[in-house]
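Participant: Mind looking over this structure? Questions follow.
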Amino acid sequence: MNKPKVTVVGSINMDMVTTTDVAPKQGETVLGTTFAIAPGGKGANQAVAAARLGAEVRMVGCVGDDAFGSLLLQGLQEKGIAIDRVERVTHCSSGVATIVLSNGDNRIIITPGANKHVNESFVANCEQTIAESDIVLVQLEIPLEAVKLAIALCAKHQVPVILNPAPAQTLPEETLQQCTYITPNETEQAELFAGGEDVLKDKLIVTKGVQGVIWSEGGRDQLARGYQVDPVDTTGAGDTFNGALAVALAEGRSLAEAVSYANAAAALSVQAFGAQGGMPTEAEVFRFLQMVEGGVK
Ligand code: RIB
């Protein structure tokens, strides 16, 4: 089977991760236990997840001309991701995420840096890349105009597109309608739609952590159960879900199979440190599904 061609239009960040037993309250200072830097960014994470699962992945994005930019590019390349559509922006810092990791869960502040340069004209120059893809993944850590254009170009070329609306931002109805699937978590769903999502029901795939994933098919609500795993670091679990969903759909799996596969990949991903640290291979996902479900459902 040919490898599915997955294009990710999105952010590339360096994650600055401090672990602490207790996350500080407003105005409080607490002691951390460890500090580390690790590659991240929702776009790059989804690209790495898809590449780990065997896809041919192309990243569309920007890094700065700082030391982080070099490390981030090197990391993507080492994971087999094509970076010919990643630009180094001069006199600009790379995107950075400040992450507080406490009891396996996180709080994140993003400073976009070079990700701001993934604008409309940048995406317009990547039309050919989008048109040649089997599937495209987009998130909301780049300018909204670029997101809208990327999705419109997918519609123009009839390329399926998954929008992971994170961090949540209001989007025009036309853009939402042009998406093949929209994958908010519960919080993002509440912020984005506030109960008015019925017209988009067949596009929505909502991730609910250990409670699983819900979506609707042919007017019927579906649930893929969540898995109880001991999380080391939940950062990047949603990104793993999206990368895996894209790969499975591009491989021609049914929506139910693709959700089950992505759900399992996300569960596995939280068992190691770093957004990209625990992302599984295809064999690991199938082994896990075999163990917990007797195979892909
Ligand atoms: O989804 C997790 C990612 O969000 C982190 O890697 C961080 O960079 C932020 O973009």
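Participant: If a/c stays under 1.5 just call it rounded; otherwise compare a/b with b/c (prolate if a/b is bigger, oblate if not). Do that for region 82-192, with a ≥ b ≥ c from the square roots of the Cα gyration tensor eigenvalues. Please list the in-between numbers first.
Facilitator: Details: a/c = 1.99, a/b = 1.18, b/c = 1.69.
It is oblate, given that a/c is not under 1.5 and a/b is not larger than b/c.
Participant: Which cross-chain or sequence-distant (5 or more) residues have an amide H under 5 Å from the amide H of residue 232, H modelled 1.01 Å from N in plane?
Facilitator: Distant-sequence amide H within range of residue 232: 271, 272.
Participant: May I ask you to list the trypsin sites (Lys or Arg not before Pro) in region 1-91 that are in a DSSP loop and have at most 14 other Cβ atoms within 10 Å of their Cβ? Don't skip to the answer; put the middle values down first.
Facilitator: Numbers: sites: 5, 25, 42, 52, 58, 79, 85, 88; in loops: 25, 79.
When the trypsin sites (Lys or Arg not before Pro) of region 1-91 are filtered for loop state and at most 14 Cβ neighbours within 10 Å, 25 remain.
Participant: Right, something else. Apply the Karplus curve 6.51 cos²θ - 1.76 cosθ + 1.60, θ = phi - 60°, to the phi angles in region 62-75 and return the couplings in whole Hz, x for Gly and Pro.
Facilitator: These are the phi-based 3J(HN,Hα) values: 9, 10, x, 9, 9, 4, 4, x, 5, 5, 5, 5, 4, x Hz.
Participant: Something else about it: Per DSSP H run of at least 4 residues, take -39500 (n - 2.57); add these up for the chain, divide by its residues and hand me the 222 nm value, nearest 500 deg cm²/dmol.
Facilitator: On the way: 10 runs with 101 residues, N = 297.
Computed mean residue ellipticity for the chain: -10000 deg cm²/dmol.
Participant: As an exercise, use a Förster radius of 41 Å and the Cβ-Cβ distance of residue 272 and residue 26 to find the FRET efficiency, rounded to the nearest 0.05.
Facilitator: Values: r = 31 Å, r/R0 = 0.76.
For R0 = 41 Å, the calculated efficiency reads 0.85.
Participant: For residue 90 paired with residue 177, estimate the spin-label separation in nm (one decimal), with each label point 7 Å from Cα along the Cα-to-Cβ line.
Facilitator: It works out to 4.4 nm between the two label points.
Participant: I'd like the GluC sites (Glu not before Pro) in region 63-149 restricted to DSSP loop residues with at most 16 other Cβ atoms within 10 Å, sorted by number. Don't skip to the end; give the middle numbers.
Facilitator: Values: sites: 78, 87, 120, 127, 132, 141, 145; in loops: 132, 141.
Answer in residue order: 132.
Participant: Follow-up question, since we're still on this one. Please name whichever of 33, 115, 48 sits farthest to the positive end of the charge dipole of region 20-177, dipole taken about the Cα centre and charges placed at Cβ: Lys and Arg +1, Asp and Glu -1.
Facilitator: Among 33, 115, 48, the one farthest towards the positive end of the dipole of region 20-177 is 33.
Participant: Then there's this: What shape does region 188-257 have by the C-alpha gyration tensor, where a ≥ b ≥ c are the square roots of the eigenvalues, rounded means a/c under 1.5, and otherwise prolate means a/b greater than b/c and oblate the rest? Before the final figure, lay out each step's value.
Facilitator: On the way: a/c = 1.73, a/b = 1.22, b/c = 1.42.
Taking the square roots of the gyration eigenvalues as a ≥ b ≥ c, region 188-257 is oblate.
Participant: How high is the FRET efficiency between residue 222 and residue 1 when r is their beta carbon distance and R₀ equals 22 Å, given to the nearest 0.05? Could the numbers behind the result be given before it?
Facilitator: Values: r = 26 Å, r/R0 = 1.19.
Result of the calculation: an efficiency of 0.25.
Participant: May I pose another question? Rounded if a/c is under 1.5, else prolate if a/b beats b/c, else oblate: with a ≥ b ≥ c from the C-alpha gyration tensor eigenvalues square-rooted, which is the chain? Intermediate results must be reported in sequence, preceding the final value.
Facilitator: Numbers: a/c = 1.33, a/b = 1.06, b/c = 1.25.
Judged from the Cα gyration tensor, the chain comes out rounded (a/c under 1.5).
Participant: What order do you get for 71, 223, 149 when you list them from fewest to most C-beta neighbours inside 10 Å?
Facilitator: Working: 71 15, 223 12, 149 24.
So the residues, fewest neighbours to most, are 223, 71, 149.
Participant: In straight Cα distance, which lysines are under 16 Å from residue 148, not counting same-chain residues fewer than 8 positions off?
Facilitator: 116, 156
Participant: In addition: Return the percentage of antiparallel bridges among DSSP beta bridges fully within region 55-126, rounded to the nearest 5 %. Show your work: numbers first, answer last.
Facilitator: Numbers: 7 of 13 bridges.
Around 55 percent antiparallel, to the nearest 5.
Participant: Let me ask something else about it. Of the beta bridges DSSP finds with both residues in the chain, what % are antiparallel, to the nearest 5?
Facilitator: Antiparallel bridges make up about 45 percent of those DSSP assigns within the chain.
Quick note: the coordinates plus some simple rules give every number you see, no bench work behind them. Computed from a predicted model, the values in this text were never measured in an experiment. Cβ atoms come from the backbone with ideal geometry, glycine included; neighbour counts cover every protein chain shown.
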